[in-house]
Amino acid sequence: MKQRKFGKNGPPVSVIGQGTWYIDRGDRKRAVAALARGLDLGMTHIDTAEMYGDAEIVVADAIAGRRDEVFLVSKVLPSNASRRGTVIACERSLKRLKTDRLDCYLLHWRGSVPLQETVAAFDELIAAGKIRSWGVSNFDTNDLNEMLAVAGKDGIACNQVLYHLQERAIEHAVIPWCEAHGVAVVAYSPFGHDEFPSSRSKAGAVLQAIAEARAATARQVALSFLTRAQGVLAIPKASSAEHVADNAAAGELLLSADETDALDKAFPRGPKPRGLPML
């Protein structure tokens, strides 16, 4: 599994990680086995959140006895993101995850709490050894600029954002901003939300043709395309060991310039939207 540095000052992490949104809604043993299989295959970046129901509990079971292998990320809800609320939420997540620290802790999206309060809590948690870094999620460039002004140039480790073949809005300004400031971009829902391109569609046929030519799957090709930039990582969710293995193989697939150009034309990024798309 290829690894990339997690932001300017972070450690190398797997370019393809593991998302956990909705992972608690199926068979728990199967979900735990899937996450564990991902670790076996080098997908050591595991992302979760307090909002994701019992996902943190599922993750705890999967990483039991293997904590040091994992780059573990969770998120605080904006409604809990006051200085005291962030600390309490983090401690609650640590308890559910059965660990003493997070490798990165994110503000899930921009809320009404002043960013200064949240950053003060992040700094407090770092000083206490409960988190090693922090970042944001669903932040557009204006939000990132505000956070930069509050936290300074080395504060923000990552920005986790919606990014898939049919939703490439972050390529207009968010990815360039993050590249310029040494902030990792983490793509969530990289297959779309129940909208992965059908091979029967015109664009999907292009994707499928590339996959067949490379003896790969369409999802592997999609992940390789999305992580073509050096600062971008992806966290697809998989609830079975088979799907995890499929995702992991994308970490070794490097598309040619012609293949990348073909996908760029088949799935155009479109005009810059007024607001940042998110789920």
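Which percent of the accessible area of the range 132-279 is formed by carbon and sulfur heavy atoms (probe 1.4 angstrom)?
Reported share for carbon and sulfur atoms: 50 percent.
Rolling a 1.4 angstrom probe over the protein heavy atoms, how many square angstrom per residue are accessible across the chain?
About 43 Å² of surface per residue is accessible.
For the range 126-161, which trypsin sites (Lys or Arg not before Pro) pass both filters: DSSP loop (anything but H, G, I, E, B) and at most 13 other C-beta atoms within 10 Å?
On the way: sites: Lys130, Arg132, Lys153; in loops: Lys130, Arg132, Lys153.
When the trypsin sites (Lys or Arg not before Pro) of the range 126-161 are filtered for loop state and at most 13 Cβ neighbours within 10 Å, Lys153 remain.
How many angstrom lie between the Cα centre of the range 33-68 and the Cα centre of the range 193-248?
If we compute the Cα centre of each part, the gap is 22 Å.
Report the calculated FRET efficiency for Ala257 and Asp123 (r = Cβ-Cβ distance, R0 = 35 Å), to the nearest 0.05.
Computed FRET efficiency for Ala257 and Asp123 comes out at 0.20.
Using a ≥ b ≥ c from the Cα gyration tensor of the range 176-279 (square roots of the eigenvalues), is it rounded, prolate or oblate, where a/c under 1.5 gives rounded and otherwise the larger of a/b and b/c decides, a/b for prolate?
Rounded.
Add +1 for every Lys or Arg and -1 for every Asp or Glu among the other residues with Cβ under 13 Å from the Cβ of Glu124, and state the total.
Charge balance in the 13 Å sphere: 0.
From largest accessible area down, sort Ile126, Ile63; use a 1.4 Å probe on the protein chains.
Ile126, Ile63
Can you send over the carbon and sulfur percentage of the accessible area for the range 1-115, probe radius 1.4 Å, protein chains only?
Ligands and nucleic acids excluded, carbon and sulfur reach 49 percent.
Once amide H atoms are built 1.01 Å from N in the peptide plane, which residues 5 or more positions from Trp134, or in another chain, come under 5 Å H to H?
The list, which skips near neighbours in sequence, is Tyr105, Ala157.
Would you check the chain for Lys pairs whose C-alpha atoms are within less than 13 Å, ignoring same-chain pairs closer than 8 in sequence, and give me the count? Display every interim value, and only then the final one.
Numbers: Lys8/Lys153; Lys95/Lys130; Lys98/Lys130; Lys202/Lys265.
Lysine pairs satisfying the spacing and distance rule in the chain number 4.
For the chain, calculate the relative contact order in percent as a whole number, restricting contacts to Cα pairs under 8 Å that are 6 or more residues apart.
Averaging sequence separation for qualifying contacts and normalising by length gives 23 percent for the chain.
The values are calculated or read from the model by the stated rules, or taken from the named source; none is laboratory data. A quick note: this is a predicted structure, and the numbers were derived from the prediction, not measured. In this analysis, Cβ positions are derived from the backbone assuming ideal geometry, glycine residues included, and neighbour counts consider all displayed protein chains. Calculation scope for accessible area: heavy atoms of the full protein, side chains included, ligands and nucleic acids excluded. Shrake-Rupley method; radii C 1.70, N 1.55, O 1.52, S 1.80 Å.
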